[in-house]
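Written below as structure tokens is the structure these notes are about.
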Amino acid sequence: MSDPTRTCILSREEAPRDGLVRLVLAPDGRVLPDVRAKAPGRGAWIGVDAAELAKAQAKGKLRGGLARAFKTGDFTIPDDLPQLIASALERHALDRLGLESRSGMLLTGSDRIADAARSGKLHALYHAADAAEDGRRKLAQAWRVGSDREGSDLGGLVLPIPRPILSMALGRENVVHIGVTDRMAAGRLGEALDRWRRFIGPDPVGAPQGQALMDDLIAAPCATAAQGASAPDLSGHEPAVTTHEEFE
């Protein structure tokens, strides 16, 4: 089944729904991100990055697009909406990493990842932002050898988060490199990570960094994704159970 498309309220371009970000009206009238697209009610979809969204917000273009989508002008746009979206997408990506780790789909440790790569069992490779270039290069070379793609540009993706954040998301110590050994898991991870990275762009706008994000993860750890929820979760965590239907 093909991924349904939606139209970005700012660019007016159509794109697969899973590549866009859904905005909804919270009970208090605030516009908030619904990155899992599970909250009830009418939604508005955006496909622009954080910098473009901030410009549209400053010029009033965002308010006009939201008013048309929500069929009302009675709402409040938080000044930090781009940061809220970036934070929600980041938490969603970290939750996905945690879920795949608990399912046994991820490898950590350079030696284990290199062995899997040379054996042709690696489907994706990720590095912490502070991973050493030499370590990244060696793992990429092992992956190319195991995939029979020597001489290509096949390599791992450097994530915009340091090793303490990755370690906390996976519940492991000193996570510098991550190898994915399951093709479906690699696809799920790639989708979550790509959507986050496309939105924040090369110059991230206000995503949590360092100690602030670690405090957020401690307060609401990735394990909550497996605990279920009885209300729509607008923060980006993946609910295990939802009884709401999406109306758009």
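The table below gives the values:
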| quantity | calculated |
| --- | --- |
| Flag for S11 being in a helix (DSSP H, G or I), closer than 26 Å to P160 by Cβ and either of a type in the set (S, T, Y) or out of contact with any Lys or Arg (no Cβ under 7 Å at 6 or more places or on another chain) (or both) | no |
| Filtered residues of segment 149-173 (kept if assigned to a loop (DSSP other than H, G, I, E, B) and either modelled with pLDDT of 95 or more or buried (at least 19 other Cβ atoms within 10 Å of the Cβ) (or both)) | G156, L159, I161, P162 |
| Test: residue in segment 130-143 that is of a type outside the set (G, A, S), within 18 Å of the chain's Cα centre (by Cα) and closer than 26 Å to D49 by Cβ | no |
| Count of residues meeting criterion [farther than 16 Å from L159 by Cβ, acidic (D, E) and not assigned by TED's automatic domain parsing to the domain that holds V31] in segment 71-121 | 2 |
| Given (1) of a type outside the set (A, V, I, L, M, F, W, C); (2) buried (at least 19 other Cβ atoms within 10 Å of the Cβ); (3) under 23 Å from A192 (Cβ atoms), number of the condition S11 does not satisfy | (2) |
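Every residue, every condition in (1) of a type outside the set (D, E); (2) touching a Leu at 6+ places or on another chain (Cβ under 7 Å); (3) under 17 Å from A86 (Cα atoms), yes or no:
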{"position": "D3", "(1), (2), (3)": "no, no, no"}
{"position": "R17", "(1), (2), (3)": "yes, no, no"}
{"position": "A26", "(1), (2), (3)": "yes, yes, no"}
{"position": "L32", "(1), (2), (3)": "yes, yes, yes"}
{"position": "A39", "(1), (2), (3)": "yes, yes, no"}
{"position": "R42", "(1), (2), (3)": "yes, no, no"}
{"position": "W45", "(1), (2), (3)": "yes, yes, yes"}
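Listed here are the residues, each with its yes/no results for (1) at pLDDT 50 or above; (2) surrounded by fewer than 16 Cβ atoms within 10 Å (Cβ to Cβ); (3) assigned to a loop (DSSP other than H, G, I, E, B).
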residue	(1), (2), (3)
A186	yes, no, no
P202	yes, yes, yes
A207	no, no, yes
E245	no, yes, yes
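A quick yes/no check of all residues on (1) buried (at least 16 other Cβ atoms within 10 Å of the Cβ); (2) more than 10 Å from V21 (Cβ to Cβ):
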| position | (1), (2) |
| --- | --- |
| V48 | yes, no |
| K55 | no, yes |
| A58 | no, yes |
| K61 | no, yes |
| G65 | yes, yes |
| T76 | no, yes |
| P82 | yes, yes |
| S87 | yes, yes |
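The values are calculated or read from the model by the stated rules, or taken from the named source; none is laboratory data. Not measured: the values here are computed from a predicted model. A quick note on method: Cβ atoms are made from the backbone with ideal geometry, for glycine too, and the neighbour counts reach across all protein chains shown.
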